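Report on the following structure.
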């Protein structure tokens, strides 16, 4: 997978590709060399998904920490 493809690949696309790789490997019909290629591709995809998830986690933390505490209503009576 080229660097340009990685940048354009969404988390969902990477996850779907991982699922296809697992299915192919579990099928038991791939030659050993192809199994290794799928394994290497899968490892790369797992690393990329992990990186994307970490970025989302950081964004969530940033957004939730930026929310001001609840404001108490003023007593005007």
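At 0.36 nm per residue, and after removing the present C-alpha to C-alpha distance, how many nm does the segment from residue 35 to residue 60 gain when stretched out fully?
5.3 nm
How many nm separate the modelled label positions at residue 20 and residue 48, each set 7 Å beyond the Cα in the direction of the Cβ?
Going from the residue 20 label point to the residue 48 one covers 1.2 nm.
For segment 3-66, what's the radius of gyration and Dmax over Cα atoms, in angstrom?
15.0, 52
Taken together, the values in this text are just the output of simple stated rules run on the coordinates, not laboratory data. Source: prediction; values computed, not measured. Here Cβ is always computed from backbone atoms with ideal geometry, including for glycine, and neighbour counts include all displayed protein chains.
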